[in-house]
1. Check every DSSP H run in the chain and write down those whose alpha carbon atoms cover 18 angstrom or more along the long axis and whose mean Kyte-Doolittle hydropathy is 0.5 or greater.
2. At 222 nm, what value in deg cm²/dmol follows for the chain if DSSP H runs of at least 4 each add -39500 (n - 2.57) and the sum is divided by all its residues, to the nearest 500?
3. Using Cα pairs under 8 angstrom and six or more residues apart, how large is the relative contact order of the chain, in percent?
4. Considering lysine pairs in the stretch 77-225 that are 8 or more places apart or on different chains, how many have Cα atoms under 26 Å apart?
5. Per q in 0.07, 0.11, 0.14, 0.18 1/Å, what log10 I(q)/I(0) does a Debye calculation on the alpha-carbon atoms of the chain return?
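Every number here is computed from the coordinates shown, using simple stated rules; none is lab data. None of the values given here were measured: they were computed from a predicted structure.
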Amino acid sequence: MQYTKNIRMMEETKIKSITYISILIVFGYLINNLSHISAQLGDYETLLWLITFLLFTFSFSGIRQIITPLINIKFIKRPSSYFYILITLTIPYLLLLLCVHYEILLDETFIFYYKHGLLKGVSIGGIVDAAFLAPIWEEVFFRGVLLFFLLKFTKPVWAISLSSVLFALFHPMYWIITLVSGVLLSITTYKTRSLIPSVISHSLWNLYMAKLFLYFSLTYEGTPI
């Protein structure tokens, strides 16, 4: 009887998971193409996606049960939380400098633009999208829904690895940076049992890449961009 019940619950979980992912894919595709309808609508794609994502995520009880406990500020009292945030920012930063210096493991176009001072900063709206909106939904999905769903079926090392690989595939231009960042962000969330530290780290990193990176980067000649 118990075995049959467990099988039924697993089947229900699979169906709900497939439904959830399918809905996100469909709405993600539609929202991503709003700019083809109107340029003004395109400016609000990230905001609309965040709202849609959160509404559907918290509409599924099973997923809501995964996410809700991870939205807490208990990490504030733990000194180790700040260490995880620092490491999550420091290691990708050093890796980025290494990759750019030796021109390895990154998109060739990105490296060329960087070396020749051709990178341009994003608009204020772009900064808001990159530093505030995108980190919220990406952390909730990759370090919340996906990571802790996988933890129900496999060991932490595999759950962290798989969720990080998928995160890297989502950002192919900087795949090595996002792979390492994904692992560090996953460890941070797993250890602190809170999504907030990873959201903070992700936001600060995106802010750096969107704007501050331009001010601290140098061309071949050593002149500021």
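1. 79-102, 156-169, 175-192
2. Numbers: 14 runs with 153 residues, N = 225.
Theoretical 222 nm ellipticity from helices: -20500 deg cm²/dmol.
3. Values: 211 pairs, mean separation 58.1, N = 225.
Relative contact order comes out at 26 percent.
4. Values: K77/K191; K115/K211; K120/K211; K152/K191; K155/K191.
Close lysine pairs found across the stretch 77-225: 5.
5. Log10 I(q)/I(0), no solvent term: -0.26, -0.63, -0.98, -1.43.
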